[in-house]
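Encoded as structure tokens, the structure appears first; notes follow it.
The values are calculated or read from the model by the stated rules, or taken from the named source; none is laboratory data. Everything numeric in this text was worked out from a predicted model, so none of it was measured. Please note: Cβ atoms are built from the backbone with ideal geometry, for glycine as well, and neighbour counts cover all protein chains shown.
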Amino acid sequence: MLELTERGQAEADKLAAAWKAWLMGELRDWLAAHEVSPAQASEVEAALGRITLRLVREAEAGRAPAVTAAAGAATGASAGEA
């Protein structure tokens, strides 16, 4: 499991917030056209927050095997060895 430093977590949080802000901007016209209430818009924004957080976590998890493989290569161990 990849663990982020405090600074790394802050950067990941910034990335998730930026994705959420971008997505909400992209959806703004659609939400208005469909007469979405402020409460519904808040629900959409919360859902996008969860989605972007999950994307960041999946991206972090996706890098973990590469880090492990790179460490194994540096020590001469194969990816299948524990």
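Based on this model, can you work out whether Glu60 counts as surrounded by 13 or more Cβ atoms within 10 Å (Cβ to Cβ) and modelled with pLDDT under 85?
yes
Could you list all residues from the range 1-49 that are outside any helix (DSSP H, G or I), of a type in the set (D, E, K, R) and more than 15 Å from the chain's Cα centre (by Cα)?
Scanning the range 1-49 gives a single hit, Glu35.
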